[in-house]
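The values are calculated or read from the model by the stated rules, or taken from the named source; none is laboratory data. Fair warning: this is a prediction, and the values are worked out from it, not measured in the lab. When we count neighbours, we look across all protein chains shown, and the Cβ atoms used for this are built from the backbone with ideal geometry, even at glycine.
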């Protein structure tokens, strides 16, 4: 099984030796990935605060109970999957 970096090394090998454009493209890709990861972390923080808010706990008591970590995880996962699908669409 190939490591996760295998597809990216093919692209990087094709770009090497192309001059200054290669550095620029690598910096743009790196910055885009960094921004994406920061937004994902921010989204996770917002969702965590959302699950513990009083209005949400009153509206959905079955999700916010003390022993419902699985249901909370499922709710967050479905939310994240929906965000990913709409980002691609």
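Scanning region 76-89 for residues that are at pLDDT 85 or above and either surrounded by 10 or more Cβ atoms within 10 Å (Cβ to Cβ) or more than 19 Å from residue 41 (Cα to Cα) (or both) turns up 77, 78, 81, 82. When you look at residue 27, is it at pLDDT 80 or above and within 30 Å of residue 67 (Cβ to Cβ), yes or no? It is false that residue 27 is at pLDDT 80 or above and within 30 Å of residue 67 (Cβ to Cβ).
Comparison of 71, 47, 38 shows that the only residue that is in contact (Cβ under 8 Å) with a residue 12 or more places away in the chain and part of a helix (DSSP H, G or I) is 47. Of the set (1) surrounded by 10 or more Cβ atoms within 10 Å (Cβ to Cβ); (2) at pLDDT 80 or above, all apply to residue 54 but (1).
Taking the criterion of being part of a helix (DSSP H, G or I) and more than 14 Å from residue 79 (Cβ to Cβ), the residues of region 50-68 that qualify are 54, 55, 57, 58, 59. Residues in region 62-72 that are surrounded by 10 or more Cβ atoms within 10 Å (Cβ to Cβ) and either modelled with pLDDT under 85 or in contact with a helix residue (DSSP H, G or I) (Cβ under 8 Å, 6 or more places away or on another chain) (or both): 5 in all.
Here is a yes/no grid of residues against (1) farther than 25 Å from residue 87 by Cβ; (2) modelled with pLDDT of 70 or more; (3) surrounded by 11 or more Cβ atoms within 10 Å (Cβ to Cβ):
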residue	(1), (2), (3)
16	yes, no, no
20	yes, no, no
42	no, yes, no
49	no, yes, no
59	yes, yes, no
